[in-house]
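This report refers to the structure that appears directly beneath it.
The values are calculated or read from the model by the stated rules, or taken from the named source; none is laboratory data. Keep in mind that this is a model prediction, so the values were computed, not measured. Heads up, the Cβs are rebuilt from the backbone with ideal geometry, glycines too, and the neighbour counts pull from every protein chain shown. Note: accessible area is taken over every heavy atom of the protein model, side chains too, but ligands, DNA and RNA are not part of it. Shrake-Rupley method; radii C 1.70, N 1.55, O 1.52, S 1.80 Å.
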Amino acid sequence: MKDFEHLLSVWQEQPKQPRLSVDDVLKQVKRGVNKLGIGVLYGIIAISVAIIFTGGLTLFAIFENRLSYIGLFVMLFGMISYLVLQVGDYRTITRHDVTLNPAAYLNSLKEYQQRRAYLNGRFYYAFALMICVGVSLYTVEVFANKPLFFKVLYYTFCGATILFTTFYLKDKFIKREQKRVSYLIERLERLEGQFE
């Protein structure tokens with residue numbers, strides 16, 4: 001019994017977290033979500049430009065080998081799939097106003113976090129594989145008359161770029177984004193807990 005009383009007194013002596021200002025939290029969340037939304041919007045613009053360029057190449061370039069067309073279609077399929085997921089993420093993050101309904105906004109942030117985990121997790125590897133296969137098939141005809149040294153140099157550079165992006169840049173970017181989203185969710189949950 002004495003241990004319980006001691007534990008209870010230690011618990012009660014714990015410093016309480018300061019109350020959050022509603023206006024400050026809402027401003028922080030709006031600012032953070034705007035940064036996330038702008039990042040996703042830049043991604044949408046970049047992948048759209050890549051789709052337009054690849055689509056134009058598919059429509060207007062003349063290739064003798066079908067592998068070039070298959071490679072371009074594989075790349076287009078991967079890029080369009082990525083674009084669809086990006087647009088969905090953008091809609092998820094921007095569809096609610098935090099000042100009108102913070103609880104609904106908290107749910108949309110959690111949904112966004114799950115969607116991004118899928119996009120940056122399993123889907124990213126499928127996307128990278130589609131791009132690698134597409135580029136490899138496309139360049140069979142393009143590099144048919146090039147010297148072997150050039151081909152090896154090109155494929156080595158492409159492989160190194162994809163590996164660097166996949167295992168270094170992607171992880172760094174994902175950690176930074178997850179940290180931002182987790183911080184925003186934590187702030188909204190603390191704010192919601194103050195009113196319960």
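The table below lists the values:
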quantity	calculated
Identity of the residue in the range 1-44, modelled with pLDDT under 70 and surrounded by 13 or more Cβ atoms within 10 Å (Cβ to Cβ), that ends up nearest to Val87 (Cα to Cα)	Val22
Which numbered condition Glu177 fails, given (1) surrounded by fewer than 13 Cβ atoms within 10 Å (Cβ to Cβ); (2) in a helix (DSSP H, G or I)	(1)
Failed item in (1) under 24 Å from Lys27 (Cα atoms); (2) open to solvent by 40 Å² or more (accessible area, probe 1.4 Å); (3) free of Cβ contacts under 8 Å to residues at least 12 places away in the same chain, with Leu153 passing the rest	(1)
Qualifying residue in the range 89-112 (condition: within 14 Å of the chain's Cα centre (by Cα), more than 17 Å from Cys158 (Cα to Cα), free of Cβ contacts under 8 Å to residues at least 60 places away in the same chain and open to solvent by less than 20 Å² (accessible area, probe 1.4 Å))	yes
Selection count, the range 181-196, where residues are part of a helix (DSSP H, G or I) and out of contact with any helix residue (DSSP H, G or I) (no Cβ under 6 Å at 6 or more places or on another chain)	8
Given (1) surrounded by fewer than 15 Cβ atoms within 10 Å (Cβ to Cβ); (2) of a type in the set (D, E, K, R); (3) under 17 Å from the mean Cα position of the chain (by Cα), number of the condition Arg115 does not satisfy	(1)
Count of residues meeting criterion [of a type outside the set (Phe, Trp, Tyr) and either at pLDDT below 85 or surrounded by fewer than 13 Cβ atoms within 10 Å (Cβ to Cβ) (or both)] in the range 118-130	5
Selection within the range 45-68 - modelled with pLDDT under 90, in a helix (DSSP H, G or I) and among the aromatic types (Phe, Trp, Tyr)	Phe60
Residues of the range 138-149 satisfying the condition of being open to solvent by 40 Å² or more (accessible area, probe 1.4 Å) and under 27 Å from Leu59 (Cα atoms)	Tyr138, Val140, Glu141, Val142, Ala144, Asn145, Lys146
Some residue of the range 73-83 being at pLDDT 85 or above, β-branched (Val, Ile, Thr) and in contact with a helix residue (DSSP H, G or I) (Cβ under 7 Å, 6 or more places away or on another chain)	yes
From Leu36, Leu72, residue being under 28 Å from Val25 (Cβ atoms) and in contact (Cβ under 8 Å) with a residue 24 or more places away in the chain	Leu36
